[in-house]
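The values are calculated or read from the model by the stated rules, or taken from the named source; none is laboratory data. Owing to the predicted nature of the structure, the values given are computational and were not obtained by experimental measurement. Cβ placement follows ideal geometry from the backbone for every residue including glycine, while neighbour counts extend to all protein chains displayed.
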C-alpha cells in the first residue's frame with residue numbers, strides 16, 4: 001500500500017514556524033504503524049509574502065491525501081480561502097482543521113464551510129494520530145475522541161478528549177530533528193496550562209491544570225537550541241515564565257549552563273507582581289533581554305469582570321526593578337473589556353505611562369471562541385464580530401463609537417510613547 | 001497624556017505671527033550654557049523645546065544632542081517647520097535625536113497662513129518642511145497644531161484636511177483668541193473632529209471650557225495634559241460654574257472672553273456619563 005501523503009500547514013507572520021505542528025508530527029511518528037503508512041510534511045507559509053493562488057499551486061504539485069491546518073484568528077481567512085479552492089479542485093483530499101480558532105466551535109465551522117472534513121478540539125497530538133490511523137483504515141472515526149466531522153453531509157460531534165496528562169509522551173520536535181531552530185523565532189515550551197483564569201483567554205479555561213514537560217527533556221532542548229551559534233535570541237512559550245521561583249531557578253541554571261554564545265532570552269510572558277530582586281537576578285543570569293506582561297486594565301471593576309489578577313503596587317515595583325536592571329518591559333492594555341469605558345481606558349494608559357515601561361502595547365479585545373467572554377457574551381452584554389479575529393464592537397459602558405475613538409487615540413499615543421530612538425533606524 | 005519638561009529657546013523667529021505672545025517676541029536670547037545646564041537630570045523621559053523658532057539657533061543640534069545624551073527618551077520640538085524645507089537640517093535634527101514634531105499651521109492656503117504669520121512665503125515653507133518630514137525615513141511622530149482665531153476659524157475644516165493629507169499622527173485645535181463666540185466655533189470644531197476621526201487621526205481641542213464641549217469630551221486636550229500651557233492665559237469661573245459638576249476640574253473661561261461676551265451662553269453641566277471616569281483621572 002502506498003504511504004498516505006500528509007501535509008501540515010501553518011500560515012505564520014514574520015518568518016515564524018509552528019511549534020504545534022512539530023508536536024503533531026513528533027507524536028504521530030512515535031507510532032510504528034504511522035511511520036510505515038504515512039509521510040508527514042510540515043509547511044510554514046508566510047501569510048504576508050504568499051497569496052492563496054501560490055499556496056494552491058504549491059499544494060497541487062504535491063498531491064496530498066490529507067491536509068491539516070493550524071487555525072488561529074489571524075490566519076483563518078487565508079486557511080478558508082485555500083481549503084475552499086483545494087477541495088473544489090481535489091475533492092478526495094481530506095481537510096482537517098485544528099487550533100484555538102476552530103476547536104471550541106468545530107460544528108459551527110463544519111456547518112458553515114462544506115469543504116472541511118474534520119475539526120479537532122483541544123490538544124491534537126493523540127487525536128491527529130488516531131485520525132491518520134482512521135484514514136489508513138484501522139480506526140473507526142466514531143471512536144476518535146475530540147473531533148467533530150462530516151459524514152454524508154451531516155455533522156457529528158464525538159466526546160471530548162481530556163488534556164494529555166503526561167507530557168513526556170510527546171517527543172521533542174527539536175530533538176527529533178523535525179523542527180530546526182532559527183534565530184528570533186524559536187520557542188521552547190516547558191509546561192502547558194495556566195494558573196490564572198482570565199475570561200478573555202483560552203488557556204486558563206480549557207487547560208487549567210499545570211502539566212510539565214520532564215526536566216531532563218527541557219534541559220536537552222535548551223542545550224540543543226543554545227548550541228546553535230546563529231541563534232542570537234529565543235523565547236519560551238509558557239503562559240507565565242516566572243510561575244514558581246524554585247522552578248525558575250532550575251530553568252535559569254539550565255539556560256546559563258548552556259549559554260555559550262551569549263544568546264538572549266526575549267519577550268517571555270511574566271507576572272510582574274511576582275518579580276522581586278531575586279527574580280531580577282535570575283532573569284539577568286538567564287540573559288533575559290525583555291519581558292511582556294499585563295495588566296490589560298487597571299480598573300478594579302473590569303479586572304473583576306474578566307477575572308484578572310493585578311496588584312498595582314507590586315506591579316509598579318516589578319516594572320521599576322526590571323527597567324532599572326536593563327530588562328525591557330512591555331506592558332499590555334486591551335481596549336473594550338467589559339467594565340471599561342473610554343476614560344477608564346485612558347486611566348489605564350495614564351497609570352502605565354507613569355510606571356515608565358519600555359513599551360506599552362495597545363490592542364483591541366478579541367472575543368475568542370472558547371473563552372468565557374465568548375461563551376457568556378450575552379451575560380456581559382458584549383457585541384462582537386463573529387468573523388475572526390472576533391473584534392469587540394460594543395460593551396455596556398463602551399459603545400462602538402467610543403471604542404473606535406479609543407483605538408484611534410491609542411494609535412496616536414502608541415506612536416508617541418513607543419517611538420524608536422532615531423539613531424537606531426536612520 | 002505624556003508630560004514633557006518645557007524648555008524655552010528664545011523668541012527669535014522667522015515668522016511674525018499676529019497672535020505670538022508679546023513676551024515671546026521681545027524675549028532676549030537664551031544663553032546656551034543656561035539651556036545645557038537645565039538639561040542635566042536623570043528622572044525625566046520627555047523634553048519639549050519651543051521658542052520663537054528653535055531651529056534658527058546655531059547651537060540647536062548641540063542642544064538636542066545634549067538632551068539625548070542626558071537620557072531623554074522623547075524629544076519634542078514645536079516649530080513652524082520651515083527650516084525642514086532644507087532636508088539637510090531635517091537630517092541633522094533627526095540624527096542628533098529629535099523625532100517628535102509639533103508644527104503650527106494657521107490655514108489651508110498661502111494667503112491666510114501668510115497673513116497670520118505676517119510672512120510672505122511662510123505657508124509654502126511649512127508645507128515643504130512637512131513634505132520632507134513625512135517622507136523622511138525612520139520613526140517619527142508629527143502633530144499639527146492649528147491655532148484658532150477670528151481670522152481663520154471658518155477655514156478650520158480645510159486646514160484639518162490639509163494636515164490629514166500629510167498622514168500626521170495627531171491634530172490639535174487650539175483656541176488662540178477670544179473674539180469669536182464659542183457658539184460660532186462649535187459647528188466648525190464638530191466638523192473638524194468628524195473629518196479627523198473619519199480619517200483615523202486623533203484630534204484634540206484646547207482652550208475651551210468643558211461645558212462648551214459636551215459630546216466631545218474625549219477630545220478635550222486638557223483632560224490629558226492639564227491646563228498648564230506655554231502661553232500664559234487667565235481663566236476664571238463664572239456664576240454658572242458653581243452648579244456645574246465639572247466646576248472643580250475645569251478652570252472656567254478665559255477672562256478676556258468673559259469680559260467681551262459675558263456668561264449668557266453658558267449653562268452648568270448637571271449630568272454627564274463620563275463625569276466619574278474623568279474625575280477619577282485626576283485623583
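Picking from residues in region B:262-283 that are touching a strand residue (DSSP E or B) at 6+ places or on another chain (Cβ under 9 Å) and under 20 Å from residue B:234 (Cα atoms), the one that is nearest to the other protein chains (Cβ to nearest Cβ) is B:266.
One line per residue, one yes/no per condition, for (1) part of a loop (DSSP other than H, G, I, E, B); (2) over 25 Å from residue A:186 (Cα atoms):
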{"position": "A:261", "(1), (2)": "yes, no"}
{"position": "A:273", "(1), (2)": "no, yes"}
{"position": "A:291", "(1), (2)": "no, no"}
{"position": "A:295", "(1), (2)": "no, yes"}
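Comparison of A:373, A:303, A:352, A:333 shows that the only residue that is touching a helix residue (DSSP H, G or I) at 6+ places or on another chain (Cβ under 7 Å) and assigned to a helix (DSSP H, G or I) is A:373.
Out of all the residues in region A:407-426, which are at pLDDT 95 or above and facing chain B (nearest Cβ under 8 Å)? Once the filter is applied, which keeps residues that are at pLDDT 95 or above and facing chain B (nearest Cβ under 8 Å), region A:407-426 yields A:408, A:409, A:411, A:412, A:413, A:415, A:416, A:417, A:419. What is the number of the single condition among (1) under 26 Å from the mean Cα position of the chain (by Cα); (2) part of a helix (DSSP H, G or I); (3) more than 11 Å from chain B (Cβ to nearest Cβ) that residue A:379 does not meet? Checking residue A:379 against (1) under 26 Å from the mean Cα position of the chain (by Cα); (2) part of a helix (DSSP H, G or I); (3) more than 11 Å from chain B (Cβ to nearest Cβ), the one that fails is (1).
Those strands (runs of 3 or more DSSP E) of region A:26-110 in which 2 or more residues are surrounded by fewer than 19 Cβ atoms within 10 Å (Cβ to Cβ) occupy A:38-46.
Take residue A:135 and decide whether it is within 22 Å of the chain's Cα centre (by Cα) and either surrounded by 14 or more Cβ atoms within 10 Å (Cβ to Cβ) or modelled with pLDDT of 95 or more (or both). Answer is no for this residue. In summary, residue B:165 fulfils each of the numbered conditions (1) away from chain A (no Cβ under 14 Å); (2) under 17 Å from residue B:141 (Cα atoms); (3) surrounded by 18 or more Cβ atoms within 10 Å (Cβ to Cβ) with the single exception of condition (3). Only helices (runs of 4 or more DSSP H) whose full extent lies in region B:1-113 are considered here, and none of them has at least 3 residues that are touching a strand residue (DSSP E or B) at 6+ places or on another chain (Cβ under 8 Å), in contact (Cβ under 8 Å) with a residue 60 or more places away in the chain and away from every other protein chain (no Cβ under 13 Å). Looking only at residues of region A:395-406 that are over 25 Å from residue B:170 (Cβ atoms) and more than 9 Å from chain B (Cβ to nearest Cβ), we find that the one that is surrounded by the most Cβ atoms within 10 Å (Cβ to Cβ) is A:395. Of the helices (runs of 4 or more DSSP H) that lie entirely inside region B:193-283, not one contains 3 or more residues that are farther than 22 Å from residue A:414 by Cβ and under 19 Å from the mean Cα position of the chain (by Cα). Scan region B:117-140 residue by residue and report those that are outside any helix (DSSP H, G or I) and either touching a residue at least 60 places away in the same chain (Cβ under 8 Å) or within 13 Å of chain A (Cβ to nearest Cβ) (or both). Passing the criteria: B:118, B:119, B:136, B:137, B:138, B:139, B:140.
The combined condition, being free of Cβ contacts under 8 Å to residues at least 40 places away in the same chain, on the phi < 0 side of the Ramachandran plot, more than 13 Å from chain B (Cβ to nearest Cβ) and crowded, with 20+ Cβ neighbours inside 10 Å, is fulfilled by residue A:384. Count of region B:269-278 residues, restricted to those that are touching a residue at least 12 places away in the same chain (Cβ under 8 Å) and surrounded by fewer than 15 Cβ atoms within 10 Å (Cβ to Cβ), is 2. The residue list B:221, B:226 contains one member that is within 14 Å of another protein chain (Cβ to nearest Cβ), exposed (fewer than 13 other Cβ atoms within 10 Å of the Cβ) and closer than 29 Å to residue B:22 by Cβ, which is B:226. Residue count for region A:356-376, restricted to those that are touching a strand residue (DSSP E or B) at 6+ places or on another chain (Cβ under 8 Å) and surrounded by fewer than 19 Cβ atoms within 10 Å (Cβ to Cβ): 5.
Residue pairs whose Cβ atoms lie under 6 Å apart, separated by 6 or more positions or on different chains, with the first residue in region A:324-341 and within 12 Å of another protein chain (Cβ to nearest Cβ) and within 18 Å of residue A:390 (Cβ to Cβ) and the second part of a loop (DSSP other than H, G, I, E, B) and at pLDDT 95 or above, are A:340/A:297; A:340/A:299.
Which of the residues spanning region A:226-242 are buried (at least 20 other Cβ atoms within 10 Å of the Cβ) and farther than 21 Å from residue A:280 by Cβ? Passing the criteria: only A:226.
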